[in-house]
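> Quick one: this structure, given as structure tokens, is what I'll be asking you about.
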There are 2 protein chains.
Amino acid sequence: MNGLMMNVPLSVTSIMEHAERVNGNVEIVSVTGDNPRHRYTYRDAFLRTRQLANGLAGWGLAQGDRIATLAWNDYRHFETYYAAACSGYVCHTINPRLFPEQVAYIINHAEDQYVFFDPDFLPLVESVAAECPGVKGWIILTNEAHMPGTSLPRVQCYETLVAAGDGVFEWPQLDENTACALCYTSGTTGNPKGVLYSHRSTMLHAYATMMPDAMGLSSRDVVLPIVPMFHVNAWGTPYSCPMAGAKLVFPGGKMGDGATLAALINEEGVTMSAGVPTVWLGLIAYLKSSGLRVDTLDRIIVGGAACPLSIMEDFDKYGVETRVGWGMTEMSPLGSVNSSPADRERYSDEEFAKVRLKAGRPIFGVEMKIVSDTGAEQPWDGVAFGSLKVRGPWICSSYFKLDSSDAHAEEGWFETGDVATIDAQGYMAITDRTKDVIKSGGEWISSIEVENVATDHPKVAEAAVIGHFHPKWSERPLLIVVRNADGQDLTAAEMLAWFDGKIAKWWTPEAVEFVDELPHTATGKLQKVTLRQMFKDYSFPG
Amino acid sequence: MNGLMMNVPLSVTSIMEHAERVNGNVEIVSVTGDNPRHRYTYRDAFLRTRQLANGLAGWGLAQGDRIATLAWNDYRHFETYYAAACSGYVCHTINPRLFPEQVAYIINHAEDQYVFFDPDFLPLVESVAAECPGVKGWIILTNEAHMPGTSLPRVQCYETLVAAGDGVFEWPQLDENTACALCYTSGTTGNPKGVLYSHRSTMLHAYATMMPDAMGLSSRDVVLPIVPMFHVNAWGTPYSCPMAGAKLVFPGGKMGDGATLAALINEEGVTMSAGVPTVWLGLIAYLKSSGLRVDTLDRIIVGGAACPLSIMEDFDKYGVETRVGWGMTEMSPLGSVNSSPADRERYSDEEFAKVRLKAGRPIFGVEMKIVSDTGAEQPWDGVAFGSLKVRGPWICSSYFKLDSSDAHAEEGWFETGDVATIDAQGYMAITDRTKDVIKSGGEWISSIEVENVATDHPKVAEAAVIGHFHPKWSERPLLIVVRNADGQDLTAAEMLAWFDGKIAKWWTPEAVEFVDELPHTATGKLQKVTLRQMFKDYSFPG
């Protein structure tokens, strides 16, 4: 027997309509190439979104067609998100930091019909346009006064497109499972794979991120999403902020600029922000050198890479709570958040420093389990580790135009590719990537933990640990180190001695090799596949 | 084109499973008839829930069958909620404060198969059991030591039932639209009507109530639901607290006892509570007389009836934020919450006193509109008023075993039966019940606003305003007053003079009549139908 409740679809359109009516006076502030501080309201934004939707409607697109963006975080990108998704098309955000051949691959694989891009990315677009014959038009996100000269065919000016559209538009009624957004994830191997979000998944994810233990967004918040809108929808903030009625502050292309970030925080009264560790290092360096403070800032979410303890300790001094978030493109992205535990006082400062570095507790809606090689579920004791699998309504079931078996080996669960522990309070900690874990005598060694100890050495710039064939233990850890400028005299014996007492004896690398640099992907990820290839003929001494 | 996201149903079962794994160590504290401070964890609770589910499984019930409760807020009631809903049955909460004939009507209309009840309600159950031949068993929510003597047939002891059940139970996979809970709403006329909630609606509503601008629940909260679990699922707290990992404190039958509430708040560290105005008046009176404080308490949600400003001002002094909530049984119940506005500093204290008394802003997920007699949508200007209609995924589409037209005259919208204004910031204020609004010369007069002015008079105990036939204006307001002990000398002329300058001249009642008492329903609502009947032969003077 079914309940007798209204069948109202969960949709991005409902977010827009709510914000326009209930939070219409709330501001969106943007840094753009043509205006250092553009300022308008949600009401203005969604009026222009309807104008844009009228423009798109004239293009003869079919429901589900992809409209791509190569753009910074600003109000025009925001409008494009909603106009595309709520018209029944798919807003496909492309990472402009990828190699041009990857960008061309993604545009063609997604079969993008139109591409909206910031003037900053004109050189990139010009370099790939000839490889993308399916694109019917290139829309430059600026006004006529700032249109750059270009030899690109079929170019349009965004502001001209918007100005030509009527402000009245009847949004279509969409089934909640309709696709609304697409984002490609670039692993360290193979071609990028597309994750296709639905209206339902996007709305539910936004709800979940608003919870006080996640981002905790209210109408009293001012939110600065430093994480790019091309990076898993800026962790949902373009959806969650209008839902909450939070003021949005978009940094445009200035997310790496500590001075701009500090000015935006202090002048706009930012209370919450989200970004990767690199941007926080930049902001902290600027605050230290300038002597400025960030008194309105209450909390930040740090994700995308492991957060160094130093960031948390620096922000502690500024009165800002640092919350580690963990997720994946395939998870919309949020899976867990490390907010202050209810029993904080039970921990010593040293214990707390360890707890706060963990990936956090699963947010409601995300189920997690850790399993051994044989598929046996591991206990949540903070010690046992296993492959991390996740399940939930905003987690991908398969990749765009790929077989579903690419996403999960076990039906109904997504394989994160991470190895993790989970403790009795639900705190999950990533210990390794599944493919990087080292199996020594049948036992697992976390390459990440060994690397963390190595990089703590004052003479080490960067370090990587890979599993390498060993006749007795089948695999043993091989440490590969880049010495820093002051550490050119670091010896292998000195390096190995560093591990004494810091990790289990049998986790200590079997040997150490020094190199001038380590191989990385376009987005800065260490390429261990290449590294293993480089050392394939290596033999452990003795 | 659909998104490629997992098809994971939204369910109450997922709340239970999340809480058991992630928030397993968090406490639930209960006051019961057999234990003044029972204490265990979510892990314990859901183990016992599985034991209970095994007990229910032996009864041969079909999916969708109703299991009723007549019970206070405590851990056994909580277990019954989950065991029934997650087994695929429906947990039907009955208000024990209704007249016995209404309770019997509800049990029979719902076709309840089993009834779980607190020993306190044995006299009520004994008085209705003979009228309820369909009930296959009566389960008393206590242990063997505290089983009362009774002549009831087919009686079982709850603790014996739980103890006999195995702790392992495989919860069924339920479609998210499956019914999970049933609650009858008793209007001022006609038989009570049943609202049948689904797993989907219940989970979405719980998500929404967790938002910082609603209840703002986190794992650092300790929540005291004073609103009964038979009153629209205690506003969702038995679902939202396990989702958040908030500690739950159940007051049992002591919700009207200021001393018990103050002790629970102070001893258990309660941070958030929810209840009707009456309980707050009781708590405040106790705090004033005892000199005690409630320092851990951060905020309260007041709903179920209009909140007097005095409650807010008293709680201001105790450092507690009062949030008015508005909703209906048909809305699960939450529709709007009045949390502190972002621009509080723009208001003078006097203006703010008016704003904070409003029903608040619609929470995301609830759409509202106000329409005139002719169905024309009214502007959100805080002045224009109209019939309030609502729409959303946790709002009822029809009543249990009734035609859907009972729930909404306009397809897709639920008629709240209220008349309201909404201002440009989205603050909604109820001005009247649709059927009580007075139409004078084609213009609407709010009976509630006139009543509020009348009851402010120092000699008035209670007042009601009804529309009454008038030859020129078609209807004019007639004020009916109960004088208080000190006000027996209040005259009609004195009463009418009181309105000068307080409301629009044409809203002032045409006449005033004095009575010894006004007619009320079992739940204390004024019965204006009866009142209109009483005065049907009345003529305005002159």
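> With every atom except the alpha carbons ignored, what do you get for Rg and Dmax of the protein assembly as shown, in angstroms?
31.6, 118
> May I ask for the net charge around B:Leu224, where only other residues with Cβ less than 14 Å from the Cβ of B:Leu224 are counted and Lys, Arg are +1 while Asp, Glu are -1?
Net charge in that neighbourhood comes out at -3.
> Ignoring ligands, DNA and RNA, what accessible area per residue does the stretch B:1-134 give at 1.4 Å, in Å²? Could you put the intermediate results ahead of the total?
Details: 4210 Å² over 134 residues.
For the stretch B:1-134, the per-residue accessible area is 31 Å².
> May I pose another question? Whole Å is fine, so just give me how far the alpha carbon centre of the stretch A:198-212 lies from that of the stretch A:55-87.
Result: 20 Å between the Cα centres.
> Continuing with this model, one more query. Per 5 Å bin, what percent of the C-alpha pairs of the stretch B:1-149 does each bin hold, from zero upward?
All Cα pairs considered, the percentages come to 2, 9, 17, 20, 18, 15, 9, 5, 3, 1, 1, 0, 0.
> Let me ask something else. Enumerate the residues in the stretch A:70-99 having an amide nitrogen under 13 Å from the point lying 7 Å beyond the Cα of A:Glu170 toward its Cβ.
Zone members listed by number: none at all.
> Run through the other copies and list how far each one's label point is from that of A:Pro308, in nm with one decimal, shortest first; the point sits 7 Å from Cα along Cα-Cβ.
For A:Pro308, the inter-copy label distances come out at 6.0 nm.
> Once the whole set of protein chains is in place, how much accessible area is left on B:Thr80, using a 1.4 Å probe, in Å² to the nearest 10?
Using a 1.4 Å probe on the heavy atoms, I get roughly 0 Å².
> Heads up, I need the accessible area for B:Met534: 1.4 angstrom probe, whole protein in place, Å², nearest 10.
Roll a 1.4 Å probe over it and B:Met534 shows about 100 Å².
> Per DSSP H run of n ≥ 4, the term is -39500 (n - 2.57); total these for chain A, divide by its residue number, and report the mean residue ellipticity at 222 nm rounded to 500 deg cm²/dmol.
-8000 deg cm²/dmol
> Then there is this: Just to make sure I understand: if all protein chains stay in place, what is the order of A:Arg323, A:Arg48, A:Arg483 by accessible area at 1.4 Å, largest first?
The most accessible residue leads, giving A:Arg483, A:Arg48, A:Arg323.
> List, shortest first and in nm to one decimal, how far the label point of A:Glu443 (7 Å from Cα along Cα→Cβ) is from its counterparts in the other copies.
Taking the point 7 Å beyond Cα along Cα→Cβ, the inter-copy spacings are 8.6 nm.
> Shifting gears a bit: Add +1 for every Lys or Arg and -1 for every Asp or Glu among the other residues with Cβ under 13 Å from the Cβ of B:Val115, and state the total.
Counting the neighbours of B:Val115, the net charge comes to -3.
> Per residue of A:171-181, what is the mean number of Cβ atoms on other protein chains within 10 angstrom of that residue's Cβ? Walk me through the numbers before you get to the answer.
Numbers: counts 0, 0, 0, 0, 1, 3, 6, 3, 5, 1, 1.
The shielding value for this peptide is 2.
> Also, quick follow-up: What FRET efficiency do you get for A:Arg43 and A:Ala305 if R0 is 30 Å and r is their Cβ-Cβ distance, rounded to the nearest 0.05?
The formula returns an efficiency of 0.20 here.
> Could I ask something else about it? All other residues with a Cβ under 13 Å from the Cβ of B:Gly325 taken together, and with Lys, Arg as +1 and Asp, Glu as -1, what is their net charge?
So the environment of B:Gly325 carries a net charge of +3.
> Here's something else I'd like to know. Do any GluC sites (Glu not before Pro) in the stretch B:382-456 lie in a loop, going by DSSP, with at most 12 other beta-carbon atoms within 10 Å of their beta carbon, and if so which?
On the way: sites: B:Glu410, B:Glu411, B:Glu415, B:Glu443, B:Glu449, B:Glu451; in loops: B:Glu410, B:Glu411.
Those that pass, being in a loop and sparsely packed, are B:Glu411.
> Mind checking the full-extension length gain between A:Arg293 and A:Lys525? Use 0.36 nm per residue of separation minus the Cα-Cα distance, one decimal, nm.
80.3 nm
> For the stretch B:287-347 and the stretch B:503-542, what is the centre-to-centre distance using only Cα atoms, to the nearest Å?
Cα centres, the stretch B:287-347 to the stretch B:503-542: 30 Å.
> In what order, largest first, do A:Ser440, B:Ser474 sit by accessible area if the probe radius is 1.4 Å?
B:Ser474, A:Ser440
> Let me ask something else about it. State, to one decimal in nm, how far the label point of A:Leu281 lies from the label point of A:Glu351, with both points 7 Å from Cα in the Cβ direction.
Computed distance between label sites A:Leu281 and A:Glu351 equals 3.1 nm.
> What's the total accessible area buried between chains B and A, using a 1.4 Å probe, rounded to the nearest 100 Å²?
Roughly 5900 Å².
> Computed over the Cα atoms, what is the radius of gyration of chain A divided by 2.2 N^0.38 Å, N being its residue count?
1.00
> Let me ask you something else. About its Cα centre, what dipole magnitude does the protein assembly as shown give when the only charges are +1 on Lys and Arg Cβ and -1 on Asp and Glu Cβ, stated in debye to the nearest 20?
240 debye
> Another one. How far is B:Thr530 from the same spot in each other copy, in nm, shortest first, if each label point sits 7 Å from Cα toward Cβ?
8.3
> Would you be so kind as to identify all helices of chain B, as entire DSSP H runs, whose Cα atoms reach 18 Å or more along the helix's own axis and whose mean Kyte-Doolittle hydropathy is at least -0.5?
On the way: long enough: B:42-57 (22 Å, -0.43); B:277-290 (20 Å, 0.82).
For chain B, where a helix must reach 18 Å along its axis and average at least -0.5, the hits are B:42-57, B:277-290.
> Once you keep just the Cα pairs under 8 angstrom separated by 6 or more residues, what percentage relative contact order results for chain B?
10 percent
> Decide, for the stretch B:440-534, between rounded, prolate and oblate: order the square roots of the alpha carbon gyration tensor eigenvalues as a ≥ b ≥ c, take rounded if a/c falls under 1.5, and otherwise choose prolate if a/b is larger than b/c, else oblate.
Note, shape of the stretch B:440-534 comes out oblate.
> As an exercise, identify the trypsin sites (Lys or Arg not before Pro) in the stretch A:328-402 lying in DSSP coil whose Cβ has no more than 11 other Cβ atoms within 10 Å.
Qualifying residues, ordered by number: none.
> Oh, and also: Please report how many Lys pairs in the stretch A:376-506 have alpha carbons closer than 25 angstrom, counting only residues at least 8 apart along the chain or sitting on separate chains.
So the count works out to 14.
> Right, next: What's the extension gain from B:Lys136 to B:Glu517 if we count 0.36 nm per residue and subtract their Cα-Cα distance? Walk me through the numbers on the way to the answer.
On the way: separation 381, 0.36 × 381 = 137.16 nm, distance 4.21 nm.
Additional length available on full extension: 132.9 nm.
> Can you give me the solvent accessible area of A:Lys525 with a 1.4 Å probe, rounded to the nearest 10 Å²?
100 Å²
> Could you list which residues have their amide H under 5 Å from that of A:Ala68, counting only those 5 or more apart in sequence or on another chain, with H placed in the peptide plane?
So A:Ala68 has HN proximity to A:His92, A:Gln113, A:Tyr114, A:Val115, A:Phe116.
The values are calculated or read from the model by the stated rules, or taken from the named source; none is laboratory data. None of these values were measured; they are calculated from a predicted model. Positions of Cβ are backbone-derived with ideal geometry, glycine not excepted, and every protein chain shown enters the neighbour counts. Only protein heavy atoms, including side chains, enter the accessible area calculation; ligands, DNA and RNA are left aside. Shrake-Rupley method; radii C 1.70, N 1.55, O 1.52, S 1.80 Å.
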